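All remarks here apply to the structure that follows.
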Amino acid sequence: MQKQSVKFILIIIIGVVMLGIFKNLFGQKDNKQLKEALADNAYLVDVRTPSEFASGSVKGAVNIPLDKISGQLSKFKGKKNIVVFCRSGNRSGQAKQILEKNGFQNVVNGGTWNNVQKLITEN
């Protein structure tokens, strides 16, 4: 009976840890921080592919696809606030991690480009 209780508790702990990992990986967004960055004229970066970007994006955004971020770090230097976004929030979450690993502390994952667009038009 005790072995089953320990197994159950371990499964619950693993589940909670995995949930936290998935939230971070898939771009859990903080709209308060995002709104503040947008109000402060953040550098808007759409990390989708060029064809996705061409089909529509946030006005004023630049397109730096996720697979090009590491090679274009110079474009982020000197930016007070950086907002990255994509279609689902997954790639922007990865882009945020890449930028933070390279010393950028002012990066906000905007999640979807529609979310960023909506917040901009609300202001």
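The values are calculated or read from the model by the stated rules, or taken from the named source; none is laboratory data. Not measured: the values here are computed from a predicted model. When we count neighbours, we look across all protein chains shown, and the Cβ atoms used for this are built from the backbone with ideal geometry, even at glycine.
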Practice task
Determine if the range 74-97 includes at least one residue that is surrounded by fewer than 18 Cβ atoms within 10 Å (Cβ to Cβ) and of a type in the set (A, V, I, L, M, F, W, C).
Solution key: no
Practice task
List every residue pair whose Cβ atoms sit under 8 Å apart, with the two residues 6 or more apart in sequence or on different chains, where the first one lies in the range 38-61 and is over 13 Å from V108 (Cβ atoms) and of a type in the set (S, T, Y) and the second, anywhere, is at pLDDT 95 or above and part of a strand (DSSP E or B).
Solution key: S57/D46; S57/N63
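What about N123, is it more than 19 Å from L38 (Cβ to Cβ) and in contact (Cβ under 8 Å) with a residue 40 or more places away in the chain? Explain how you work it out, then say what you get.
Details: more than 19 Å from L38 (Cβ to Cβ): no; in contact (Cβ under 8 Å) with a residue 40 or more places away in the chain: yes.
No: the conditions fail for N123.
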Exercise for the section: Starting from the range 91-114, keep only residues that are aromatic (F, W, Y), then list their pairs with residues that are surrounded by fewer than 23 Cβ atoms within 10 Å (Cβ to Cβ) and in a strand (DSSP E or B) whose Cβ atoms are within a distance under 9 Å, requiring at least 6 positions of separation or different chains. Expected result: F104/I82
